[in-house]
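Novice: Shown below is the structure under consideration.
The values are calculated or read from the model by the stated rules, or taken from the named source; none is laboratory data. What you see is a predicted model; the values in this text were computed from it and never measured. As a convention, Cβ positions derive from the backbone with ideal geometry for all residues, glycine included, and neighbour counts pool all protein chains shown. Surface areas here come from the heavy atoms of the whole protein model, side chains and all, with no ligands, DNA or RNA. Shrake-Rupley method; radii C 1.70, N 1.55, O 1.52, S 1.80 Å.
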Amino acid sequence: MATQSQAATKEDYNNLMDFLFKDYRKEVRPVDPDFNLTIIFIKFSLFSIIDMNEQGQTMKTNALLDVVWSDKDLNWTAEEFGGIHSILVKQNKLWLPDIVVDNTVTPQTELGYKNRQVRVFWFGYQDWQPTGVFETSCDIDVTYFPFDTQLCPPQTRCISSSTILNPVLLDNFSPDGIWDVVNTSAQNKEAENKKARIVFSLQLKRRPTFYVLNIILPVMFLAMTSSLVFALPAESGEKMSLSITVLLAFAVYLTLVTDAMPRPRYSQKALQQVSIAHGVCVVIDGIDGHERCAVSIHLKAPPQAIGQASRQDQRLPVITEIKRSSQDDEAVSTIDIHRKHKNKTTAVVPYDNNQEADDSRCGSALSSQRSAQVSDVSGQQSAETLSTLLFYFSLLFLVIKTIVFIIILVVGGARQEENTRFT
């Protein structure tokens with residue numbers, strides 16, 4: 001027990017306690033007659049916002065309830081007890097209003113604790129200030145994340161009391177790093193069976209800077225990286241590797257981000273673009289591989305052509321090498337065209353009359369080979385042109401899409417803030 005009086009003696013305290021609690025029953029509601037309601041004054045003092053769980057749709061706050069009511073059985077004349085104007089009494093010795101948190105997501109517990117002190121004033125008023133961590137449900141709409149505004153109403157209920165509310169107090173509020181408290185309100189709504197239902201509403205606006213720097217910008221840069229797959233030349237063979245790497249990096253990053261916060265719509269759209277870019281790379285590589293295979297097959301000569309080339313080689317004037325026979329007595333005149341060998345001579349085969357026609361066929365084959373090479377070069381140029389166009393198109397599309405999404409989020413967030421504002 002404690003007191004604000006400085007002149008009272010210990011005997012004054014003992015006499016006062018005997019006077020107040022000799023016939024006091026904490027089970028009996030302090031009103032006469034019993035059908036009357038007890039008038040209760042409630043203040044909600046917010047200390048801090050501990051957590052906002054978007055996935056679980058809950059809000060956790062640290063707050064204090066300042067509850068004041070009148071008890072006609074606990075009053076005295078201060079002059080008769082040494083000038084004592086107030087005393088402190090443990091809450092487990094007093095009648096307390098039946099206040100419960102209506103929309104809690106945790107098991108109901110008694111407000112305060114048994115040794116919590118309640119100040120009792122000489123004129124019968126009692127001031128009870130239980131503190132606690134309240135985890136309540138909250139409908140969180142993250143459509144315009146991270147420029148969203150939320151309205152979360154912690155609700156309390158009194159069964160046998162009539163409540164008069166005061167505005168939510170923010171005198172002891174510690175500013176939150178994620179949420180700004182834009183506005184507050186307190187409403188007394190009569191529930192079923194004439195139970196007093198108290199609704200304390202908090203309008204919270206998210207601070208977007210952290211999320212823009214840690215989500216929006218990294219996602220945008222990853223999406224831009226997906227456009228680089230079209231800038232790589234086809235001969236490098238790294239298009240598919242880069243595309244798969246970006247896709248996996250994107251998926252892993254979004255998985256890590258989603259564990260701590262909701263996945264924004266922009267990230268979902270960017271992931272779709274990366275997936276589409278990967279699919280386009282698969283198609284381009286497939287077409288490029290098919291063209292290269294076709295050119296390779298075209299450049300190979302069929303067996304008939306090989307036979308014809310062999311016969312042409314037989315008709316053309318060739319220089320053959322003949323070993324000197326030991327039976328020849330006369331020396332054969334030799335013409336050394338390419339090189340001379342010690343024990344070898346050369347002979348010239350007469351010119352064939354069909355040589356002109358064979359030369360024409362050989363020229364045709366060479367012309368066909370040169371045409372295939374030209375087609376191959378043209379195909380490579382077409383692939384490079386297509387990749388360049390896709391690179392600029394995807395990059396421009398990403399920039400435009402980012403600007404449009406930012407505008408939608410900012411405008412939508414401002415409209416959401418206006419719709420959740422208290423009237």
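Novice: Evaluate the distance, in nm, between pseudo-label points positioned 7 Å from the Cα of residue 217 and of residue 39 along their respective Cα→Cβ axes.
Specialist: So the two model labels end up 5.8 nm from each other.
Novice: Let me ask you something else. Given a Förster radius of 41 Å and the C-beta distance between residue 399 and residue 422 as r, what FRET efficiency does 1/(1 + (r/R0)^6) yield to the nearest 0.05?
Specialist: Working: r = 39 Å, r/R0 = 0.95.
That gives a FRET efficiency of 0.55.
Novice: Using label points projected 7 Å from each Cα along Cα→Cβ, tell me how many nm separate residue 272 and residue 384, to one decimal.
Specialist: 3.5 nm
Novice: Here's a follow-up. Between residue 23 and residue 88, how high is the FRET efficiency from 1/(1 + (r/R0)^6) when r is the Cβ-Cβ distance and R₀ = 22 Å? Nearest 0.05.
Specialist: So the FRET efficiency works out to roughly 0.55.
Novice: Same structure, new question: Could you rank the peptides 122-129, 21-28, 246-253 by their average count of other C-beta atoms within 10 Å per residue, with the highest value first?
Specialist: Numbers: 122-129: 17.5, 21-28: 10.4, 246-253: 15.5.
The densest-packed peptide leads the list: 122-129, 246-253, 21-28.
Novice: Taking the Cα centre of the range 10-206 as the origin, how large is its charge dipole in debye, to the nearest 20, when only Lys and Arg (+1) and Asp and Glu (-1) carry charge on their Cβ atoms? Intermediate values should be presented prior to the final figure.
Specialist: Details: 20 positive and 27 negative charges, 38 e Å.
I would put it at about 180 debye.
Novice: Separate question: Just need the relative contact order of the range 11-167 here, percent rounded to a whole number, with Cα pairs under 8 Å and 6+ apart.
Specialist: On the way: 291 pairs, mean separation 47.4, N = 157.
That works out to 30 percent.
Novice: Highest first, please rank the peptides 142-153, 68-79 by the mean number of other Cβ atoms sitting within 10 Å of their residues.
Specialist: On the way: 142-153: 21.0, 68-79: 15.8.
In descending order of packing, they fall as 142-153, 68-79.
Novice: Continuing with this model, one more query. Compute the FRET efficiency between residue 80 and residue 100 as 1/(1 + (r/R0)^6), taking r as their Cβ-Cβ distance and R0 = 35 Å, and round to the nearest 0.05.
Specialist: Values: r = 38 Å, r/R0 = 1.09.
So the FRET efficiency works out to roughly 0.35.
Novice: Of the options 28, 40, 81, report the single residue whose Cα projects farthest towards the positive end of the charge dipole of the range 10-206 (beta-carbon charges: Lys, Arg +1; Asp, Glu -1).
Specialist: The listed residue farthest towards the positive side: 28.
Novice: Once you've got the Cα coordinates, tell me which of 26/60; 93/114; 93/189; 90/189 are over 20 Å apart.
Specialist: Working: 26/60 32 Å; 93/114 9 Å; 93/189 30 Å; 90/189 31 Å.
In this structure, 26/60; 93/189; 90/189 lie more than 20 Å apart at Cα.
Novice: Can you send over the carbon and sulfur percentage of the accessible area for the range 10-206, probe radius 1.4 Å, protein chains only? It would help to have the intermediate numbers written out before the result.
Specialist: Working: 4750 of 9830 Å².
It is 48 percent, rounded to a whole number.
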